[in-house]
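The values are calculated or read from the model by the stated rules, or taken from the named source; none is laboratory data. This one's a predicted model, so the numbers in the text were calculated from it and none came from an experiment. Note: areas computed on protein heavy atoms with side chains; ligands, DNA, RNA excluded. Shrake-Rupley method; radii C 1.70, N 1.55, O 1.52, S 1.80 Å.
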Amino acid sequence: MNSLEVRSVCKTYDEGNTEVLRGLTFTVGPSEFVALYGPNGCGKSTVLNIIAGFVPPSAGQVAAPSRGAGRGGVGFIFQDFRSSLFPWLTVAQNIRLGTREPRPADAPSPADVVDLLGLTEHAKKYPYQLSGGLCQLTAIARVLVLHSPLVLMDEPLSALDYHYNATILDLLGKLHADLDNAFLMISHDVDDALLLSDRVLVLSKRPARLVGEVSVDLPSPRSSDLRFCSEFPQLRSRVFELFSEGLK
């Protein structure tokens, strides 16, 4: 059974006058990492919001994990990760919020996640005392503690400098290899999408439709160094071909 099934999803606004999504269909399998790549403003964030249940589709169906059986349904790492943290709570307290939701017996403890992400020395700090990279790590940690079967990520690397981009990219690659979560990530950086994903789904300009997908058969766990492997330029070129096709 897939962790996520999106079937013929459409989305319109303004009483149907503004069409954002048109017949979008795709799946994310158990423990699979999938990236959505497409032009600015094509509706990628709308896709995640529909999957998370924040907004309803105008047509079509979404089958996503539901809450229950001791496990939260969908975790969400927002693009504006600073605003997703509570400023009056420390790093450790923000992360422990994830334990308020149903969790399986084998879910990692907040202390384990803090240690895994290298946040131990920052656990008693508040968000205003952290760099952007550390704030993003805190947001990621809170979702990992929830241990949702599906994690949605809206451009988790977009606001980071090169150092933290590479650090968090390597960390997400390791987490994907070590954990059983499925991931669906929006990315505007084709290299980030390829380095992390099993598949890259390329969307067209608005109204967004699925132009095609690129399977990424690279060694695991993934790391930022893989961008220098011999297969990488061909994968990148294939994504750009589909991207160009979607602009027509």
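Lysine pairs in the chain 8 or more apart or on different chains: how many have alpha carbons under 19 angstrom apart?
5
Quick one: how many Å² of Arg209 are accessible to a 1.4 Å probe, rounded to 10?
The accessible area of Arg209 comes to roughly 90 Å².
Taking Cα atoms, how many degrees apart are the long axis of helix 162-178 and the longest axis of the chain, rounded to 10 and kept between 0 and 90?
Helix 162-178 and the main axis of the chain meet at about 90 degrees.
Would you work out the relative contact order for the range 5-57, in percent, from Cα pairs under 8 angstrom that are 6 or more residues apart?
Reported relative contact order: 29 percent.
With every protein chain in place, what's the accessible area of Val151 (1.4 Å probe, Å², nearest 10)?
For Val151, solvent-accessible area is about 0 Å².
Please check: in the Gaussian network model of the chain (C-alpha springs, under 10 Å), which one of Val202, Val34, Val214 has the largest mean-square fluctuation.
Val214
Could you tell me the center-to-center distance, by alpha carbons, between the range 191-233 and the range 76-92 in angstrom?
Cα centroid to Cα centroid, the span is 28 Å.
Could you sort Tyr37, Tyr126 by accessible area so the largest value comes first, with the probe set to 1.4 Å?
Heavy-atom accessible area, descending, gives Tyr126, Tyr37.
Find the accessible area per residue for the range 88-216; the probe is 1.4 Å, ligands and nucleic acids are left out, and the unit is Å².
Heavy-atom accessible area per residue stands at 39 Å².
Given the options Val200, Val55, Val47, which has the most mean-square fluctuation in a GNM of the chain, springs set between C-alpha atoms less than 10 angstrom apart?
Of Val200, Val55, Val47, the Gaussian network model singles out Val55 as fluctuating most.
Could you please state how large a percent of the accessible area of the chain is carbon and sulfur, counting protein chains only and using a 1.4 Å probe?
Carbon and sulfur: 50 percent of the exposed surface of the chain.
What shape does the range 146-232 have by the C-alpha gyration tensor, where a ≥ b ≥ c are the square roots of the eigenvalues, rounded means a/c under 1.5, and otherwise prolate means a/b greater than b/c and oblate the rest?
rounded
Going by the alpha-carbon gyration tensor, a ≥ b ≥ c the square roots of its eigenvalues, is the range 191-246 rounded (a/c under 1.5) or, if a/c is not under 1.5, prolate (a/b greater than b/c) versus oblate?
Judged from the Cα gyration tensor, the range 191-246 comes out prolate (a/c at least 1.5, a/b above b/c).
Is the range 111-162 rounded, prolate or oblate when judged by the Cα gyration tensor, a ≥ b ≥ c being the square roots of its eigenvalues, rounded requiring a/c under 1.5 and prolate requiring a/b larger than b/c?
It comes out oblate by the Cα gyration axes.
Taking a 1.4 Å probe, which of Lys248, Lys11, Lys174 shows the most accessible area, and what order do the others take after it?
Lys248, Lys174, Lys11
Using only the alpha-carbon atoms, how far is helix 132-146 inclined from the longest principal axis of the chain? Give it as 0 to 90 degrees, nearest 10.
The helix 132-146 is inclined about 90 degrees to the chain.
Order Leu171, Leu4, Leu247 by their accessible area, 1.4 angstrom probe, all chains in place, largest first.
If we order Leu171, Leu4, Leu247 from most to least accessible, we get Leu247, Leu171, Leu4.
Contour minus end-to-end for Asp161 and Thr99, with contour as 0.36 nm per residue of separation and end-to-end as the Cα-Cα distance?
Additional length available on full extension: 19.3 nm.
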